[in-house]
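The values are calculated or read from the model by the stated rules, or taken from the named source; none is laboratory data. In this text, all values refer to a predicted model and were calculated from it rather than measured experimentally. Virtual Cβ from ideal backbone geometry, glycine too; neighbours counted across all protein chains shown. For the accessible areas, the whole protein counts, side chains as well, though only heavy atoms, and no ligand, DNA or RNA atoms are used. Shrake-Rupley method; radii C 1.70, N 1.55, O 1.52, S 1.80 Å.
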Amino acid sequence: MKINKDVLNAMKIETIYVIKNDTIHQCMPLEMEGQNWSVAADSDGISGNIKLKVKFNGSFIYMEAEIEKKEQDELYSFTYDIKINEKETEGDDFKKAFFERISEITKMSEQWNKRKEERYDIGLDEKKIEMIRFRKPEQTAVFEKKQLPCLVNNMSYSGAKVTTMNADFQTGKRICIMYSFKNPIEQIPVTGIIRNCMIKTISEKVIISILSIEYEESPFSYKARMDSFIEELKKAEKKA
(Lines give C-alpha, C1' and ligand atoms only; values in the text may rest on other atoms or scores of the structure.)
Protein backbone atom coordinates (compact mmCIF):
# COMPACT_ATOMS: atom_id res chain seq x y z
CA MET A 1 0.00 0.00 0.00
CA LYS A 2 1.37 3.40 -0.99
CA ILE A 3 1.80 5.78 1.93
CA ASN A 4 1.08 9.49 2.16
CA LYS A 5 0.50 11.87 5.05
CA ASP A 6 -3.23 11.17 5.10
CA VAL A 7 -2.64 7.39 5.43
CA LEU A 8 -0.01 7.92 8.17
CA ASN A 9 -2.51 10.00 10.13
CA ALA A 10 -5.08 7.21 9.80
CA MET A 11 -2.48 4.69 10.99
CA LYS A 12 -1.64 7.03 13.91
CA ILE A 13 2.04 6.96 12.93
CA GLU A 14 3.88 10.22 13.63
CA THR A 15 7.57 9.50 12.97
CA ILE A 16 9.81 6.62 11.85
CA TYR A 17 13.53 6.26 12.55
CA VAL A 18 16.14 3.63 11.72
CA ILE A 19 18.81 3.05 14.39
CA LYS A 20 22.10 1.55 13.18
CA ASN A 21 25.30 1.48 15.30
CA ASP A 22 23.79 4.05 17.70
CA THR A 23 23.14 6.44 14.79
CA ILE A 24 19.57 7.56 14.21
CA HIS A 25 18.34 8.07 10.63
CA GLN A 26 14.98 9.66 9.93
CA CYS A 27 12.83 7.87 7.35
CA MET A 28 9.82 8.60 5.21
CA PRO A 29 7.65 5.55 4.47
CA LEU A 30 6.77 5.02 0.81
CA GLU A 31 4.93 1.69 0.96
CA MET A 32 3.79 -0.68 3.72
CA GLU A 33 2.58 -4.28 3.54
CA GLY A 34 2.49 -5.68 7.07
CA GLN A 35 6.12 -6.29 8.10
CA ASN A 36 7.54 -5.32 4.70
CA TRP A 37 8.17 -1.62 4.23
CA SER A 38 9.82 0.59 1.65
CA VAL A 39 11.27 3.85 2.98
CA ALA A 40 13.30 6.86 1.91
CA ALA A 41 16.07 7.73 4.37
CA ASP A 42 18.35 10.73 4.89
CA SER A 43 21.57 8.66 4.71
CA ASP A 44 23.40 6.24 2.45
CA GLY A 45 25.07 2.94 3.31
CA ILE A 46 22.62 1.51 5.85
CA SER A 47 22.38 -2.30 5.79
CA GLY A 48 21.89 -5.40 7.91
CA ASN A 49 20.25 -5.61 11.31
CA ILE A 50 18.66 -2.43 12.66
CA LYS A 51 16.17 -1.19 15.19
CA LEU A 52 13.07 0.62 14.03
CA LYS A 53 11.84 3.44 16.25
CA VAL A 54 8.23 4.31 15.46
CA LYS A 55 6.04 6.86 17.22
CA PHE A 56 2.58 5.30 17.18
CA ASN A 57 -0.46 6.83 18.86
CA GLY A 58 1.72 9.10 21.00
CA SER A 59 4.26 6.50 22.21
CA PHE A 60 7.43 4.96 20.79
CA ILE A 61 7.78 1.34 19.65
CA TYR A 62 11.18 -0.28 19.13
CA MET A 63 11.39 -3.27 16.76
CA GLU A 64 14.16 -5.44 15.38
CA ALA A 65 14.38 -5.52 11.58
CA GLU A 66 16.65 -5.92 8.58
CA ILE A 67 17.32 -3.23 5.99
CA GLU A 68 18.61 -3.42 2.41
CA LYS A 69 19.27 -0.59 0.00
CA LYS A 70 17.23 -0.52 -3.22
CA GLU A 71 18.36 0.63 -6.62
CA GLN A 72 18.61 4.38 -7.12
CA ASP A 73 15.19 6.00 -7.13
CA GLU A 74 14.41 8.95 -9.40
CA LEU A 75 12.56 10.85 -6.69
CA TYR A 76 14.49 9.94 -3.54
CA SER A 77 18.25 9.79 -2.93
CA PHE A 78 18.33 6.76 -0.62
CA THR A 79 15.56 4.17 -0.63
CA TYR A 80 15.50 0.93 1.35
CA ASP A 81 13.49 -2.23 1.88
CA ILE A 82 12.82 -3.08 5.52
CA LYS A 83 11.72 -6.47 6.83
CA ILE A 84 10.46 -6.40 10.43
CA ASN A 85 11.27 -9.46 12.53
CA GLU A 86 8.34 -11.91 12.71
CA LYS A 87 8.49 -12.08 16.52
CA GLU A 88 7.60 -8.37 16.75
CA THR A 89 4.06 -9.09 15.54
CA GLU A 90 3.55 -11.28 18.61
CA GLY A 91 4.99 -8.73 21.04
CA ASP A 92 3.14 -6.81 23.74
CA ASP A 93 -0.41 -5.51 23.36
CA PHE A 94 0.82 -2.15 22.08
CA LYS A 95 2.78 -3.76 19.25
CA LYS A 96 -0.17 -6.00 18.41
CA ALA A 97 -2.41 -2.94 18.21
CA PHE A 98 0.15 -1.33 15.90
CA PHE A 99 0.18 -4.20 13.40
CA GLU A 100 -3.59 -4.61 13.64
CA ARG A 101 -3.97 -0.94 12.70
CA ILE A 102 -1.72 -1.36 9.66
CA SER A 103 -3.68 -4.46 8.61
CA GLU A 104 -7.00 -2.67 9.04
CA ILE A 105 -5.97 0.31 6.91
CA THR A 106 -4.44 -1.99 4.25
CA LYS A 107 -7.67 -3.99 3.94
CA MET A 108 -9.70 -0.79 3.59
CA SER A 109 -7.35 0.42 0.85
CA GLU A 110 -7.62 -2.89 -1.01
CA GLN A 111 -11.41 -2.76 -0.91
CA TRP A 112 -11.42 0.76 -2.33
CA ASN A 113 -9.22 -0.40 -5.22
CA LYS A 114 -11.51 -3.36 -5.96
CA ARG A 115 -14.80 -1.54 -5.54
CA LYS A 116 -16.79 -0.87 -8.71
CA GLU A 117 -17.08 2.88 -9.22
CA GLU A 118 -20.60 4.13 -8.58
CA ARG A 119 -22.06 7.58 -8.12
CA TYR A 120 -24.40 8.14 -5.16
CA ASP A 121 -27.08 10.82 -5.52
CA ILE A 122 -27.50 13.37 -2.74
CA GLY A 123 -28.81 16.77 -3.94
CA LEU A 124 -31.38 18.19 -1.52
CA ASP A 125 -32.49 14.79 -0.19
CA GLU A 126 -32.61 15.43 3.57
CA LYS A 127 -32.26 11.75 4.48
CA LYS A 128 -29.14 11.32 2.36
CA ILE A 129 -27.67 14.58 3.65
CA GLU A 130 -28.08 13.16 7.14
CA MET A 131 -26.60 9.79 6.11
CA ILE A 132 -23.48 11.39 4.63
CA ARG A 133 -23.39 13.66 7.70
CA PHE A 134 -22.99 16.95 5.90
CA ARG A 135 -23.19 19.85 8.34
CA LYS A 136 -25.48 21.58 5.81
CA PRO A 137 -26.66 20.87 2.24
CA GLU A 138 -24.35 23.48 0.69
CA GLN A 139 -20.63 22.76 0.49
CA THR A 140 -17.89 25.12 -0.75
CA ALA A 141 -16.10 25.07 -4.11
CA VAL A 142 -12.77 26.90 -4.29
CA PHE A 143 -11.86 27.95 -7.82
CA GLU A 144 -9.18 30.48 -8.78
CA LYS A 145 -9.19 31.99 -5.26
CA LYS A 146 -13.00 32.32 -5.23
CA GLN A 147 -15.11 30.51 -2.62
CA LEU A 148 -18.49 29.55 -4.03
CA PRO A 149 -21.40 27.72 -2.39
CA CYS A 150 -22.22 24.50 -4.21
CA LEU A 151 -24.73 21.68 -4.05
CA VAL A 152 -23.42 18.11 -4.34
CA ASN A 153 -25.60 16.38 -6.94
CA ASN A 154 -23.75 13.08 -6.55
CA MET A 155 -20.42 11.80 -5.30
CA SER A 156 -18.19 8.75 -5.43
CA TYR A 157 -14.76 7.62 -4.26
CA SER A 158 -13.10 9.25 -7.26
CA GLY A 159 -15.27 12.19 -8.22
CA ALA A 160 -18.42 14.27 -7.86
CA LYS A 161 -20.96 16.33 -9.76
CA VAL A 162 -21.76 19.70 -8.21
CA THR A 163 -23.93 22.71 -9.03
CA THR A 164 -22.67 26.20 -8.26
CA MET A 165 -23.42 29.86 -9.06
CA ASN A 166 -20.77 30.80 -11.59
CA ALA A 167 -20.18 30.55 -15.34
CA ASP A 168 -16.42 31.09 -15.61
CA PHE A 169 -15.30 27.46 -15.34
CA GLN A 170 -13.17 25.66 -17.91
CA THR A 171 -12.59 21.96 -18.43
CA GLY A 172 -9.12 20.81 -17.43
CA LYS A 173 -8.86 23.39 -14.63
CA ARG A 174 -8.25 22.42 -11.00
CA ILE A 175 -10.92 22.92 -8.37
CA CYS A 176 -11.20 22.09 -4.66
CA ILE A 177 -14.39 21.01 -2.90
CA MET A 178 -14.35 21.74 0.81
CA TYR A 179 -16.60 19.08 2.35
CA SER A 180 -17.92 19.98 5.79
CA PHE A 181 -19.07 17.06 7.97
CA LYS A 182 -20.48 16.52 11.45
CA ASN A 183 -20.40 13.67 13.98
CA PRO A 184 -17.47 14.22 14.27
CA ILE A 185 -17.03 17.77 12.95
CA GLU A 186 -14.49 17.65 10.15
CA GLN A 187 -13.60 19.61 7.03
CA ILE A 188 -12.03 17.63 4.19
CA PRO A 189 -10.63 19.43 1.12
CA VAL A 190 -10.62 17.30 -2.03
CA THR A 191 -8.87 18.63 -5.13
CA GLY A 192 -9.86 17.54 -8.61
CA ILE A 193 -9.99 18.39 -12.31
CA ILE A 194 -13.10 19.74 -14.06
CA ARG A 195 -13.89 17.18 -16.75
CA ASN A 196 -17.19 18.61 -17.94
CA CYS A 197 -19.06 21.89 -17.45
CA MET A 198 -22.68 22.57 -18.37
CA ILE A 199 -24.07 26.09 -18.03
CA LYS A 200 -27.77 26.71 -17.39
CA THR A 201 -29.70 29.97 -17.29
CA ILE A 202 -32.22 29.89 -14.44
CA SER A 203 -33.49 33.42 -14.91
CA GLU A 204 -32.41 36.68 -16.52
CA LYS A 205 -29.93 37.32 -13.71
CA VAL A 206 -29.13 33.80 -12.46
CA ILE A 207 -26.69 31.43 -14.21
CA ILE A 208 -25.52 28.14 -12.74
CA SER A 209 -22.81 25.67 -13.72
CA ILE A 210 -23.01 21.90 -13.30
CA LEU A 211 -19.48 20.51 -12.98
CA SER A 212 -18.27 16.94 -13.31
CA ILE A 213 -15.10 16.61 -11.24
CA GLU A 214 -12.49 13.87 -11.22
CA TYR A 215 -10.48 13.85 -8.00
CA GLU A 216 -6.70 13.96 -8.23
CA GLU A 217 -6.46 11.83 -5.11
CA SER A 218 -9.18 11.11 -2.56
CA PRO A 219 -7.98 11.56 1.04
CA PHE A 220 -8.28 8.57 3.35
CA SER A 221 -10.68 10.51 5.58
CA TYR A 222 -12.96 11.20 2.60
CA LYS A 223 -13.04 7.54 1.56
CA ALA A 224 -13.86 6.53 5.14
CA ARG A 225 -16.82 8.94 5.05
CA MET A 226 -17.96 7.34 1.78
CA ASP A 227 -17.74 3.88 3.38
CA SER A 228 -19.95 5.04 6.24
CA PHE A 229 -22.43 6.65 3.83
CA ILE A 230 -22.75 3.49 1.73
CA GLU A 231 -23.34 1.40 4.85
CA GLU A 232 -26.14 3.78 5.86
CA LEU A 233 -27.67 3.47 2.40
CA LYS A 234 -27.58 -0.33 2.63
CA LYS A 235 -29.28 -0.27 6.03
CA ALA A 236 -32.02 1.99 4.68
CA GLU A 237 -32.59 -0.31 1.70
CA LYS A 238 -33.03 -3.34 4.01
CA LYS A 239 -35.62 -1.48 6.08
CA ALA A 240 -37.55 -0.36 2.97
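Residues in the stretch 130-145 carry Karplus couplings, in order, of 6, 5, 6, 6, 5, 5, 7, x, 7, 9, 10, 9, 10, 9, 6, 6 Hz; the curve used is 6.51 cos²θ - 1.76 cosθ + 1.60 with θ = phi - 60°, and Gly or Pro positions show x. For Thr15, the amide hydrogen comes within under 5 Å of the amide hydrogens of Lys55, counting only partners 5 or more places away or on other chains and with H modelled in the peptide plane.
For a quick check of your reading of the filter: which trypsin sites (Lys or Arg not before Pro) in the stretch 185-240 sit in a DSSP loop and have no more than 11 other Cβ atoms within 10 Å? Sites meeting the loop and neighbour criteria: Lys205. For the stretch 1-160, the equivalent ellipsoid derived from the alpha-carbon gyration tensor has semi-axes of 39, 19, 15 Å in decreasing order. Averaged over its residues, the stretch 1-85 has an accessible area of 56 Å² per residue, based on protein heavy atoms and a 1.4 Å probe. On a per residue basis, the stretch 122-240 carries 57 Å² of accessible surface, using protein heavy atoms and a 1.4 Å probe.
For the chain, which span is the longest to avoid every loop-located (per DSSP) member of GluC sites (Glu not before Pro) having at most 13 other Cβ atoms inside 10 Å? So the longest stretch without any such site is 1-70. In plain terms, the chain from Glu118 to Asp93 could stretch by 5.1 nm, reckoned as 0.36 nm per residue minus the Cα-Cα distance.
Based on the Stokes-Einstein relation at 37 °C and a viscosity of 0.692 mPa s, and on the Kirkwood radius from alpha carbon pairs, the stretch 5-61 is assigned a translational diffusion coefficient of 274 µm²/s. Here the relative contact order of the stretch 1-124, from alpha carbon pairs under 8 Å that lie six or more residues apart, stands at 21 percent. Each part reduced to its alpha carbon centroid, the stretch 87-126 and the stretch 31-66 end up 22 Å apart. In the chain, helices alone account for a calculated mean residue ellipticity at 222 nm of -7500 deg cm²/dmol, with every DSSP H run of four or more residues adding -39,500 (n - 2.57).
Sequence-ordered 3J(HN,Hα) estimates for the stretch 158-175 from the Karplus curve with 6.51, -1.76 and 1.60 and θ = phi - 60° stand at 10, x, 7, 10, 10, 10, 9, 9, 5, 10, 9, 7, 9, 5, x, 7, 7, 8 Hz, glycine and proline given as x.
For the stretch 178-195, 3J(HN,Hα) computed residue by residue from phi via the Karplus equation (6.51, -1.76, 1.60; θ = phi - 60°) reads 8, 7, 10, 10, 10, 6, x, 5, 7, 10, 10, x, 10, 9, x, 10, 6, 9 Hz, glycine and proline entered as x. Report, to the nearest whole %, how much of the accessible area of the chain belongs to carbon and sulfur atoms, 1.4 Å probe, protein only. Percent of accessible area from carbon and sulfur atoms in the chain: 46.
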